[in-house]
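The values are calculated or read from the model by the stated rules, or taken from the named source; none is laboratory data. If you're wondering where the values come from, they're calculated on a predicted model, not measured in any experiment. Note that we place each Cβ from the backbone using ideal geometry, even for glycine, and neighbour counts take in every protein chain shown. Heads up: the accessible areas ignore ligands, DNA and RNA and are worked out on the full protein's heavy atoms, side chains in. Shrake-Rupley method; radii C 1.70, N 1.55, O 1.52, S 1.80 Å.
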Amino acid sequence: MQTRRQFIKTVGVAGAATFLPWRVGVRRAAAATLPGGTLDPGLISKYVAPLVIPPAMPRTSKIVQRSGQDIDYYEIAVRQFQQAILPSGLPMTTVWGYGSVNHPGTFNYPAFTIEAGWETPVRVKWINGLVDTDANYLPHLLAVDPTLHWANPPGPRDTRPRFKRTPGPYHGPVPIVTHVHGAHSTEESDGYAEAWYLPAANNIPPGYFRNGTWYDRFKAKFESIWQQPWDPGTAVFQYANDQRAATLWFHDHSLGMTRLNVYAGPAGFYLLRGGPSELSAGILPGPAPAVGDPPGLNYHEIPIAIQDRSFNADGSLFYPDSREFFDGFAGPYIPQSDISPIWNPEFFGNTIVVNGRTWPNLNIEPRRYRLRLLNGCNARFLILKLVTDPLASRPAAPEIPFTQIGTEGGFLPAPVQLGQLLMSPAERADVIVDFTGLPVGAEIYLTNEGPDEPFGGGEPPDDFDAADPNTTGQVMKFTVVPLTGADSSLPVEQLVLPAITPLAGATRTRMVSLNEEVSARLQDVGPREAVLGVMDRFGNPVPLMWTDPITEKPRLNDTEIWEIYNFTADAHPIHIHEVQFQVINRQALVADEEGISSPPARLVGSPFQPEPWETGFKDTVIAYPGQVTRIKASFDIPGQFVWHCHIVEHEDNEMMRPLRVGP
Ligand SMILES: [Cu+2]
């Protein structure tokens, strides 16, 4: 959603890039900084703190089963703590993060990495530990808008409550529920948005709902299957890990407050290894962190979570506490109008935080590295490049290529060499970067040329301005240090990736729609909410709310094509739970000069193929404005799931719908 509309000229980014020879020299560029908190991002020194490589999460125990595979068991809480996100000299930041309750040193933002083995189930007791030392609940770090359709513990739960006057933010106990993004989960373990739970605090106000509408049902189901109780303030989920080896991640998914819970910190990598869709050990650069590693071990497989954040001068996280921040609209709000008082349609931070630190540096050896990149931003699309001059005019010529080998659902059918990586929120890129031959002392910068505003496709500078080169246009630095040992990983030209078994033919094609709702009563106010829906047979979208009857009801084991019609001005990263899907193609719709399609939808031209990096399995796909995006998925686990936009501000305000597989 944006006020500035751009003409959508091109789609995606060019795969073929020219690589310039090594060069040095830094030029100054100037651009306005995004508004944010009271800490000027220009005052934050870059590349002074080392990148934190999240260690592996230690298990609580191994559960030995009489029959079948043993289970890796974890007890992981979300807690509040302080962390040095800003460089030394600046204050610490209060954040939330996951950690093992059996290992007190493991609480970190982002979380330590869960290392999962193929077909070895992982069971996690997810604990809502958002309490103080007296076991009283902690309120949210950020302003919770109680006028959305949200968890609403004061009740009625999981509703859009009614108000006689415009309310302030909710300060009560915080619901959480964790979703492993990309996991082939059963319903009771998927982190359904209405299966949230409050902490088991001493002072939960009387009459408050302590868990969401679906919690008790999933609790009963899990307990009957696995004979492990869900204690108050917890949920126990189990993941079969019966999917392709892949880069998954976990984060909060509570109804109507995911944007705030994730922004506060709880997220981490979940790496599934092994099985027939894995490469033999030693082919790719390694090692990755493992439990029990000696200190000082050099890692050559590194997960990198990129997030934008803003800060206040006291080190606290900044996130808007009023709608006015977004578009200046100062009211009247609900109930005098239909505009929520606090919710912002999107938020763009003015710093880049990588693995929990602003603009870190990683010392690298002149050899190959495997980087597992995650766009963990709320709303920001990233266009990443490796360059030697972080302030070069944009677009910069990429100087070191990425060889992308995997995406959300595991390895691609073949490596793809790319000059830049386009990543929407929640997408992952598993890449090899070859630093071989670089001189000791050389400095390489990971830069971002995505826009400091909603993305609608295309490239800078024609379609949008690249991110501010001084702040959000920079991500992290790599500094070359001497090689410590031979690189035994295969050169990328010799890589052969595991085969892809395409999904069977589809038995049904389903048309769904992405829509933006403006105020019904006010003129010249920006978006009120973003809405998913279906299509009627005349090509008109039928927007539907979270509470409308379920329309996406695949039969068990059916393979379906979903045609995602985008009637908004922006690209949306669409995520479907339970499945890893294939991108079939995209096709243009008749659109106005700004690239926006108005109903009824009319297809134009021929369908075009997915990008080379979209040819594996994915769980999140960019649906561009003025287009239909076609994906194919096989729904092989029955139950209640969701599909949604992964711009989490959208997801929180109606851009999520239930998905029911089977009866
Ligand atoms: Cu969206």
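Over region 143-259, how many percent of alpha carbon pairs lie in each 5 Å bin up to the one with the longest distance?
Reading the bins upward from 0: 2, 12, 20, 21, 18, 13, 7, 4, 2, 1, 0.
When Lys and Arg each count +1 and Asp and Glu each count -1, what net charge do the other residues less than 15 Å away from Val64, Cβ to Cβ, add up to?
Numbers: positive: Arg59, Lys62, Arg66, Arg123; negative: Asp70, Asp72.
Local charge sum for Val64: +2.
Starting from the Cα of Phe81, step 7 Å along the direction of its Cβ; do the same at Val525; then give the gap between the two resulting points in nm.
Here the modelled spin labels are 4.2 nm apart.
Once the other residues with Cβ under 15 Å from the Cβ of Glu278 are scored (Lys, Arg +1; Asp, Glu -1), what is the net sum? Kindly include the intermediate steps, with their values, before the conclusion.
Details: positive: Arg244, Arg273, Arg370, Arg372; negative: Glu115, Glu119, Asp242, Glu301, Asp430.
Residues close to Glu278 contribute a combined charge of -1.
Could you give the size of the charge dipole of region 583-663 about its Cα centre, using +1 on the Cβ of each K and R and -1 on the Cβ of each D and E, expressed in debye and rounded to the nearest 20?
My answer is approximately 480 debye.
Can you give the Rg to Rh ratio of the chain, both from alpha-carbon atoms, with Rh computed by the Kirkwood formula? Can you show the working numbers first?
Numbers: Rg = 23.4 Å, Rh = 25.0 Å.
Over the Cα atoms of the chain, Rg/Rh equals 0.93.
Dividing the convex hull volume of the alpha carbon atoms of region 387-428 by its residue count, what do you get in Å³ per residue?
Values: hull volume 3.4 nm³, N = 42.
Hull volume normalised by residue count: 80 Å³.
Using a 7 Å offset from the Cα along the Cα-to-Cβ direction at both Val496 and Gln228, what is the distance between the two label points in nm, to one decimal?
Distance between the two pseudo-spin positions: 4.0 nm.
Report relative contact order for the chain in percent, whole number only (criteria: Cα-Cα under 8 Å, sequence separation at least 6). Spell out each step's value before the answer.
Details: 1883 pairs, mean separation 107.2, N = 663.
Relative contact order comes out at 16 percent.
If you average the alpha carbon positions of region 480-515 and of region 127-172, how far apart do those two centres end up, in angstrom?
Measuring centre to centre over Cα atoms gives 40 Å.
Where nothing but the Cβ of Lys and Arg (+1) and of Asp and Glu (-1) is charged, how large is the charge dipole of region 61-292 around its Cα centre, in debye to the nearest 20?
580 debye
Which residue, Pro663, Ser224, Asn312, has the largest displacement toward the positive end of the dipole of the chain when charges sit on each Cβ (Lys, Arg +1; Asp, Glu -1)?
Ser224
Please report the spacing between the Cα centers of region 591-652 and region 327-377 in Å, no decimals.
Region 591-652 and region 327-377 have Cα centres spaced 22 Å from each other.
Below 14 angstrom from the Cβ of Pro104, what's the summed charge of the other residues (Lys, Arg +1; Asp, Glu -1)? Intermediate results must be reported in sequence, preceding the final value.
Working: positive: Arg79; negative: Glu75.
Result for the neighbourhood of Pro104: 0.
So for region 61-292, what percent of the C-alpha to C-alpha distances run longer than 21 Å?
Values: 15510 of 26796 pairs.
Percentage above 21 Å: 58.
Have a look at Cys645, Ser337, Ala267 and report the one farthest towards the positive end of the charge dipole of the chain, computed about the Cα centre with Cβ charges (Lys/Arg +1, Asp/Glu -1).
Ala267
For region 206-306, give the magnitude of the charge dipole about the Cα centre (Cβ charges: +1 Lys/Arg, -1 Asp/Glu; no others), in debye to the nearest 20. Kindly include the intermediate steps, with their values, before the conclusion.
On the way: 7 positive and 8 negative charges, 64 e Å.
For region 206-306, the charge dipole is close to 300 debye.
Just want the answer: with Cβ charges of +1 for Lys and Arg and -1 for Asp and Glu, which residue in Ser88, His184, Gly117 is farthest toward the dipole's positive end in region 61-292?
Ser88
For region 500-661, give the percent of accessible area contributed by carbon and sulfur heavy atoms, probe 1.4 Å, rounded to a whole number. Please report the intermediate quantities before stating the final value.
On the way: 2870 of 5580 Å².
Looking at region 500-661 in its full context, I get 51 percent from C and S.
For Asp636 and Arg555, compute 0.36 nm times the residue count separating them, minus their Cα-Cα distance, and round to one decimal in nm. If you can, show how the numbers build up before the last one.
Details: separation 81, 0.36 × 81 = 29.16 nm, distance 0.87 nm.
Stretched out fully, the Asp636 to Arg555 stretch lengthens by 28.3 nm.
Could you estimate the translational diffusion coefficient of region 500-661 from the Stokes-Einstein equation, with Rh from the Kirkwood formula over C-alpha pairs, at 4 °C and 1.567 mPa s, in whole µm²/s?
After rounding, the answer is 81 µm²/s.
Please tell me which of these pairs span more than 20 angstrom C-alpha to C-alpha: Lys62/Lys125; Lys553/Lys632; Lys385/Lys477; Lys62/Lys219?
Working: Lys62/Lys125 13 Å; Lys553/Lys632 15 Å; Lys385/Lys477 11 Å; Lys62/Lys219 22 Å.
In this structure, Lys62/Lys219 exceed 20 Å between Cα atoms.
With each label point set 7 Å from Cα along the Cα-Cβ vector, what nm distance links Asp70 and Asp548?
With each label point 7 Å from Cα toward Cβ, the separation is 5.0 nm.
Accessible area per residue, 1.4 Å probe, Å², for the chain: what's the number?
Details: 22840 Å² over 663 residues.
Solvent-accessible surface per residue comes out at 34 Å².
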